[in-house]
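Taking it in order: structure first as structure tokens, then the write-up.
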Amino acid sequence: MVTQRGRRDAADSPGRASRRPRRPAGLDADNAPTAEMPAVPAGEPGRNGDAPEAVRAKSIPEAAVARLAVYLRVLSGMSEQGATTVSSEELSQAAGVNSAKLRKDLSYLGSYGTRGVGYEVGVLVSQIERILGLTRQHKVAVVGIGNLGHALANYGGFPGRGFPVEALFDLDPDLIGVPVGGLPVSHMDDIPRICAERGISIGVIATPPTAAQSVCDRLVAGGVQCILNFAPVVLQVPAHIEVRKVDLAVELQILSFHVARRADDAGNQGNSGLPGAVHPSENGNGRRNGSGPDGGREMVVRS
């Protein structure tokens, strides 16, 4: 999944200097900063008068935000099973991350756990929900009631997690007025008005790619702040709009790469016993693969 921000405004302001601080070479958003963030006492305002949660949220790298959502899912499952405490090792294993990265992620919340006890599950759930903005509901509109749109409109897991679907839109005259998941489908021309009236904050685009930009413009006109885009196009949006793109074909291609790589590795291992074969970790000069000047694999040359 890819995040996209403010492509239209950035293009309209070519002379504007970037205010993003320089990042030291070799660091990315997933690794910096490394220092733990101190807890902010409850009720104490942060810089510029921001609430403590706002201060913490601004300091969390985007990669850590994605992991927090995973931690929340795991912790919610543990809570349903009656768990009251969890160690960093247990939580990291269940979430599929190393324990050091998990402790760093949780430090952004001001939560450090207790030595020998771990973290309180209920407290962690509450802290993550506050940081992710899940203490209030976010009304959702789905545009494009095809197979995917039908599935999203009928999915019962959204309301329970704070994302009630409040509006559905399509162009097909046979669908207009027909209830899907208990909601009547409205015409796309009514997107700005209905989204404004119902306070829609998240729009889901499940249309063909040719209609996606037009739908996006209507959602923005209706006051929608965040868009989940399933159409395989890059949307042009103002700087204040958050876009998350889900391209299933790209995800499958990435999985295809991993399958092909494993097949190649298995083939290399299977040929290692043949006469004249070179071990897959070495080339004919005795140098190990991956030791080339560009850090990639060197070609194995057989004479």
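The values are calculated or read from the model by the stated rules, or taken from the named source; none is laboratory data. If you're wondering where the values come from, they're calculated on a predicted model, not measured in any experiment. As a convention, Cβ positions derive from the backbone with ideal geometry for all residues, glycine included, and neighbour counts pool all protein chains shown. Accessible surface areas use protein heavy atoms only, side chains included; no ligands, DNA or RNA. Shrake-Rupley method; radii C 1.70, N 1.55, O 1.52, S 1.80 Å.
If you go through the range 153-166 one residue at a time, how many are open to solvent by 50 Å² or more (accessible area, probe 1.4 Å) and either in contact (Cβ under 8 Å) with a residue 40 or more places away in the chain or part of a helix (DSSP H, G or I) (or both)? Quick ask: steps written out before the conclusion?
Kept after step one, since they are open to solvent by 50 Å² or more (accessible area, probe 1.4 Å), are these residues of the range 153-166: 154-156, 158-161, 163, 166.
Subsequent filtering for residues that are either in contact (Cβ under 8 Å) with a residue 40 or more places away in the chain or part of a helix (DSSP H, G or I) (or both) retains 154, 158-160.
Number of matching residues: 4.
Of the set (1) in a helix (DSSP H, G or I); (2) more than 23 Å from the chain's Cα centre (by Cα), all apply to PHE169 but (1).
Residues in the range 100-152 that are modelled with pLDDT of 85 or more, under 13 Å from LEU75 (Cβ atoms) and polar (S, T, N, Q) were compared, and the one that is surrounded by the most Cβ atoms within 10 Å (Cβ to Cβ) is GLN127.
Please state which one of GLY162, GLY146, GLY182 is more than 23 Å from the chain's Cα centre (by Cα) and at positive phi. I'd like the intermediate steps shown before the answer.
On the way: GLY162 fails: more than 23 Å from the chain's Cα centre (by Cα); GLY146 fails: at positive phi.
Matching residue, one of GLY162, GLY146, GLY182: GLY182.
Considered as a group, the residues in the range 204-256 that are closer than 23 Å to GLN137 by Cβ and of a type in the set (S, T, N, Q) include one that is least open to solvent (accessible area, probe 1.4 Å), and that residue is ASN229.
Please state which one of VAL121, VAL117, VAL143, VAL86 is in contact with a strand residue (DSSP E or B) (Cβ under 8 Å, 6 or more places away or on another chain), within 30 Å of GLU197 (Cα to Cα) and β-branched (Val, Ile, Thr). Before you say what the answer is, go through the steps one by one.
Values: VAL121 fails: within 30 Å of GLU197 (Cα to Cα); VAL117 fails: within 30 Å of GLU197 (Cα to Cα); VAL86 fails: within 30 Å of GLU197 (Cα to Cα).
Testing whether each residue is in contact with a strand residue (DSSP E or B) (Cβ under 8 Å, 6 or more places away or on another chain), within 30 Å of GLU197 (Cα to Cα) and β-branched (Val, Ile, Thr) leaves just VAL143.
Among the residues of this structure, ARG193 does not count as one that is closer than 19 Å to LEU228 by Cβ, more than 23 Å from the chain's Cα centre (by Cα), open to solvent by 60 Å² or more (accessible area, probe 1.4 Å) and not hydroxyl-bearing (Ser, Thr, Tyr).
Checking the stated criteria, GLY82 turns out not to satisfy the condition of being more than 30 Å from VAL165 (Cβ to Cβ) and crowded, with 16+ Cβ neighbours inside 10 Å.
Screening the range 182-237 for residues that are in contact with a Phe, Trp or Tyr (Cβ under 8 Å, 6 or more places away or on another chain) and free of Cβ contacts under 8 Å to residues at least 24 places away in the same chain and picking the one that is farthest from GLU251 (Cα to Cα) gives ASP190.
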